């Protein structure tokens, strides 16, 4: 451990740990490591100081610090939502059971154009952060507009995130002139660079169809100046593939390859409609992929070939998409769906097992964001982004295999404690950083003004 | 209202209602009826006495009785789980990520043979009832063995159910001699006939492959003597179809038709692999079908053609299957999956909308059990099987459309109150009829003795 980095700030408990989690079954999510029963984990200065069992924590210094009883639970890395549009909580349930094109162009885009502004995005992002904390997500990758306000909300929540400014060659919320979209994006990166250890600014190109070749090339250029990967929706719908074929005679991934966009700093969300060549191109160029199963099902976009991608060596994370197409940000439910959809689509119940899917939502996601050295597994020295799942509920008993229990039986509502960077964000299901009543009240007020309820 | 049926028992509040639910948005699930905002519903002698708004409930008699505040919630019919094996909670997470055949013949059947007995089935069924109450299921259709003990547990829980004795032409738990399987089944029907208004005994043939023609024919005969439908697993796997083709040169539904089994009192669970002729046969003979999407996905059995079946006029309900293949009994999550899987498998996001799916889990299920005149919708005179879902959670806000919120955003954990036959089984998430600590403790003790944990 790095002794020099320890703070003597008495608020953090002096020589002892700041926080001690004890008694649960710990899943480190390190490859090859088995569950550790009756685990103890200490946290100091935002990092995991030590992992062990009772007898490793007998010194007097371990009498200090706050304690979390995990004896009826599972301790695991906080989940990473690798693709979402957080403030879209505002539109949860506003337009369902519609085709993607109609949903997007007739419902979501027009309402966004009408109602999005710094105040509404801030409120929607706060609600999204609240929901993520409540369901055990400690880190997320976001792409949207008015992102200054998503940064503000995330900072207030205490979550870790890569927050990206949306880039699209149409008038967009906060970017009425598309010719300014790259300047706005560059300003966004500049503004938030170094603002917080927990929040990294990034760029998000809407898709190879809605962004021109020039926009994509320049966005990559700007993106490569900083540490954050570039996000893009790729091959989400057959219509996208067809449109691009008509425009460029190439399928989306082939097209992105030919214009030089494929590299290890590109994160492709969806990646549903791929031919074998495209799969190979993604693998060769170490492009990372976010699997977004529930949104893809709900919008009938298709089923991503996750097993094939993993077999090709592509790093795959998992995301919920925005709440308008899911309609929640609960990664536990998304893991369950990912495993089951993977099995039935391959007609092979062995594929995408519980541990693999949990890896996608922890270490996998961390790697997509470029945060793999800091989070995604529970290891001494890593950032303390940790959740405790309470097993004391009828649907979580009996316990034979903790991976199975988490993926197939648990939901976000079973998360008891949430810690990010060593700081408690939820303790015994009580929010520490955010006021749920105030946030929900504000969102009700704002969305009530939209005047679109079906009631 | 039927004045004569009102009890003057003071315990039930004399002339006033026994229970009054007020302030929520009520979804009656009656075809064509819209959500009723700020609803009030009164319950008397186990039935819904009156549904209206505040001004319909001004008389002095409405000052009596217990009250449930639903002002932040949705009031809807209790959910009906149309296919489960309740006591299989004992095996939740015991064997995952395996092919159905290996899962069933190498894992589940051998462990069942070893550990099932009246004590273990009773404990597992109590855990299942606890889980169903906790997630808003008020009625279920069960098929398993040692069913006397599932009846006992269900009676103790206060749930409504059709509980069926399993019939299979192999030695089975509690039925070591398969030649006795029909006698055991007949005795079961005889024993529990008239035992309770809430529990109806029935028969459950395992499948057209594991039951002989004679067994199927006689089971139907016995079944038709009573009011309960006959349950059977049909066309769950391609292997089943192939085996039957080899044995009889007919696909499962065609075979069942030819031996005279298809009729309006048959409930077919799964119904995945159907050709057009089989679909027509099911529709013609008014056979009812249970859609079991999560289990079918997890075991890679396939995807049932739900939309086609509904278009053919087949009544479809929804079930979770046992906890060993799901791994929970949460119908809210099952509805979400049913809608999304229906959309993506048809590549049509309009199909299986939220309201249709909620209907499957309420009125649809009630019809499958033959209980459609008593439950499944909220109407004056019907049995008071009612749940209240609390909307005061980040993932349930904002509210544009209550059907969407329930199907796409809610989980069982959002259910606040559960009423069956006018009796509270859960109030503000506190169990009234069952003791969760005792039940979970007992199940841990029992399953600990199995000695099969991976920890």
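The values are calculated or read from the model by the stated rules, or taken from the named source; none is laboratory data. Keep in mind the model is a prediction, meaning the values are calculated, not measured. Neighbour counts are summed over all protein chains in view; Cβ atoms, including those assigned to glycine, are modelled from backbone coordinates with ideal geometry.
In the set B:352, B:368, B:391, which member is closer than 29 Å to residue B:18 by Cα and buried (at least 21 other Cβ atoms within 10 Å of the Cβ)?
B:391
For residue A:167, state whether it is outside the structural domain of residue A:416 (by TED's automatic domain parsing) and more than 20 Å from residue A:81 (Cβ to Cβ).
Answer is yes for this residue.
What number goes with the only condition from (1) in contact with a strand residue (DSSP E or B) (Cβ under 7 Å, 6 or more places away or on another chain); (2) assigned to a helix (DSSP H, G or I) that residue A:242 does not pass?
(1)
For the stretch A:70-93, which positions are within 11 Å of another protein chain (Cβ to nearest Cβ) and either surrounded by fewer than 24 Cβ atoms within 10 Å (Cβ to Cβ) or assigned to a strand (DSSP E or B) (or both)?
Looking only at the stretch A:70-93, we keep the residues that are within 11 Å of another protein chain (Cβ to nearest Cβ), and these are A:72, A:74, A:89-93.
Listed by number, the residues that qualify are A:72, A:74.
Is it true that some residue in the stretch B:136-143 is within 11 Å of chain A (Cβ to nearest Cβ), at pLDDT 95 or above, buried (at least 22 other Cβ atoms within 10 Å of the Cβ) and under 21 Å from the mean Cα position of the chain (by Cα)?
No, there is no match, as no residue in the stretch B:136-143 is within 11 Å of chain A (Cβ to nearest Cβ), at pLDDT 95 or above, buried (at least 22 other Cβ atoms within 10 Å of the Cβ) and under 21 Å from the mean Cα position of the chain (by Cα).
Kindly indicate which of B:285, B:273, B:291, B:233 is more than 21 Å from residue B:364 (Cβ to Cβ) and touching a residue at least 24 places away in the same chain (Cβ under 8 Å).
Every option except B:273 fails the conditions.
Anything in the stretch B:415-443 that is exposed (fewer than 15 other Cβ atoms within 10 Å of the Cβ) and out of contact with any strand residue (DSSP E or B) (no Cβ under 8 Å at 6 or more places or on another chain)? List them, or say none.
B:430, B:435, B:437, B:438, B:441
Only one of B:314, B:318 is over 30 Å from residue A:239 (Cβ atoms) and free of Cβ contacts under 8 Å to residues at least 40 places away in the same chain; which?
Just a single option satisfies the conditions, and that option is B:314.
Taking the condition outside any loop (DSSP other than H, G, I, E, B), at the interface with chain A (Cβ under 8 Å from one of its Cβ atoms) and within 24 Å of residue B:89 (Cα to Cα), does residue B:413 pass?
yes
Can you give me the number of residues within the stretch A:318-335 that are outside any loop (DSSP other than H, G, I, E, B) and at pLDDT 95 or above?
The qualifying residues number 7.
Would you be able to tell me the number of residues in the stretch A:323-335 that are facing another protein chain (nearest Cβ under 9 Å) and closer than 16 Å to residue A:80 by Cβ? Working first, answer last.
Of the stretch A:323-335, the ones facing another protein chain (nearest Cβ under 9 Å) are A:323, A:326-330, A:333.
Add one more test, that the residue is closer than 16 Å to residue A:80 by Cβ, and what stays is A:329-330, A:333.
Final tally of qualifying residues: 3.
Being surrounded by fewer than 24 Cβ atoms within 10 Å (Cβ to Cβ) and in the same structural domain as residue A:93 (by TED's automatic domain parsing), is that true of even one residue in the stretch A:285-298?
Yes, because at least one residue in the stretch A:285-298 is surrounded by fewer than 24 Cβ atoms within 10 Å (Cβ to Cβ) and in the same structural domain as residue A:93 (by TED's automatic domain parsing).
Taking the stated definitions as given, is residue B:320 farther than 20 Å from residue B:30 by Cβ and at the interface with chain A (Cβ under 9 Å from one of its Cβ atoms)?
no
Quick one: which residue in B:283, B:268 is modelled with pLDDT of 95 or more and within 27 Å of residue B:330 (Cβ to Cβ)?
After ruling out the rest, the residue left standing is B:268.
Which of the residues spanning the stretch A:342-362 are under 13 Å from residue A:408 (Cβ atoms) and facing chain B (nearest Cβ under 7 Å)?
Result: A:343, A:349, A:353, A:354.
So, of the residues in the stretch B:396-410 that are assigned to a loop (DSSP other than H, G, I, E, B) and in contact with a strand residue (DSSP E or B) (Cβ under 9 Å, 6 or more places away or on another chain), which turns out to be farthest from the other protein chains (Cβ to nearest Cβ)?
Step one: of the stretch B:396-410, the residues assigned to a loop (DSSP other than H, G, I, E, B) are B:397-401, B:410.
Those left that are additionally in contact with a strand residue (DSSP E or B) (Cβ under 9 Å, 6 or more places away or on another chain): B:399, B:410.
Working: B:399: 7, B:410: 9 Å.
Of everything passing the filter in the stretch B:396-410, B:410 is farthest from the other protein chains (Cβ to nearest Cβ).
Being part of a loop (DSSP other than H, G, I, E, B), closer than 21 Å to residue B:322 by Cα and either out of contact with any strand residue (DSSP E or B) (no Cβ under 9 Å at 6 or more places or on another chain) or modelled with pLDDT under 95 (or both), is that true of even one residue in the stretch A:382-395? Quick ask: steps written out before the conclusion?
Here is the first cut: in the stretch A:382-395, the ones part of a loop (DSSP other than H, G, I, E, B) are A:382, A:384-385, A:391-393.
Still in the running and closer than 21 Å to residue B:322 by Cα: A:391-393.
Now drop any that are not either out of contact with any strand residue (DSSP E or B) (no Cβ under 9 Å at 6 or more places or on another chain) or modelled with pLDDT under 95 (or both), which leaves A:392-393.
The answer is yes; a qualifying residue exists.
How about the stretch B:416-446: which of its residues are closer than 24 Å to residue B:334 by Cβ and facing chain A (nearest Cβ under 8 Å)?
Those that are closer than 24 Å to residue B:334 by Cβ and facing chain A (nearest Cβ under 8 Å): B:436, B:439, B:440, B:443.
Please verify whether the stretch B:218-231 includes one or more residues that are within 22 Å of residue B:299 (Cβ to Cβ) and crowded, with 24+ Cβ neighbours inside 10 Å. Write out each step before concluding.
At the first step, the residues of the stretch B:218-231 found to be within 22 Å of residue B:299 (Cβ to Cβ) are B:231.
This time we only want the ones that are crowded, with 24+ Cβ neighbours inside 10 Å, so: B:231.
Scanning the stretch B:218-231 turns up at least one residue that is within 22 Å of residue B:299 (Cβ to Cβ) and crowded, with 24+ Cβ neighbours inside 10 Å.
Check residue B:373 against each of (1) surrounded by fewer than 24 Cβ atoms within 10 Å (Cβ to Cβ); (2) over 19 Å from the mean Cα position of the chain (by Cα); (3) closer than 29 Å to residue B:56 by Cα and name the one condition it does not meet.
Condition (2) is where residue B:373 drops out.
Residues in the stretch A:384-392: is at least one more than 25 Å from residue A:228 (Cα to Cα), facing chain B (nearest Cβ under 8 Å) and more than 15 Å from the chain's Cα centre (by Cα)?
yes
Among what's in the stretch B:274-317 and is in a helix (DSSP H, G or I) and touching a strand residue (DSSP E or B) at 6+ places or on another chain (Cβ under 7 Å), pick the residue that is nearest to the other protein chains (Cβ to nearest Cβ). Walk me through it before giving the result.
As a first pass, look at the stretch B:274-317 and keep what is in a helix (DSSP H, G or I): B:276-284, B:293-298, B:306-311.
With the extra rule that they be touching a strand residue (DSSP E or B) at 6+ places or on another chain (Cβ under 7 Å), the set shrinks to B:282, B:296, B:306, B:309-310.
On the way: B:282: 22, B:296: 7, B:306: 14, B:309: 18, B:310: 15 Å.
My answer is B:296.
Any idea how many residues of the stretch A:97-127 are within 8 Å of chain B (Cβ to nearest Cβ) and either without any contact (Cβ under 8 Å) to a residue 40 or more places away in the chain or in a helix (DSSP H, G or I) (or both)?
So the count comes out to 5.
Output the residue which, of all residues in the stretch A:262-273 that are more than 14 Å from residue A:241 (Cβ to Cβ) and in contact with a strand residue (DSSP E or B) (Cβ under 8 Å, 6 or more places away or on another chain), is nearest to the other protein chains (Cβ to nearest Cβ).
Residue satisfying both the conditions and the ranking: A:269.
If residue A:338 passes every condition in (1) under 15 Å from the mean Cα position of the chain (by Cα); (2) part of a helix (DSSP H, G or I); (3) at the interface with another protein chain (Cβ under 9 Å from one of its Cβ atoms) but one, which one does it miss?
(3)
Restricting to the stretch B:174-194, what's the tally of residues that are out of contact with any strand residue (DSSP E or B) (no Cβ under 8 Å at 6 or more places or on another chain) and either part of a loop (DSSP other than H, G, I, E, B) or under 13 Å from residue B:150 (Cβ atoms) (or both)?
So the answer is 4.
Return yes when residue A:455 is within 24 Å of residue B:392 (Cβ to Cβ), modelled with pLDDT under 95 and at the interface with another protein chain (Cβ under 10 Å from one of its Cβ atoms) and no when it is not.
Yes.
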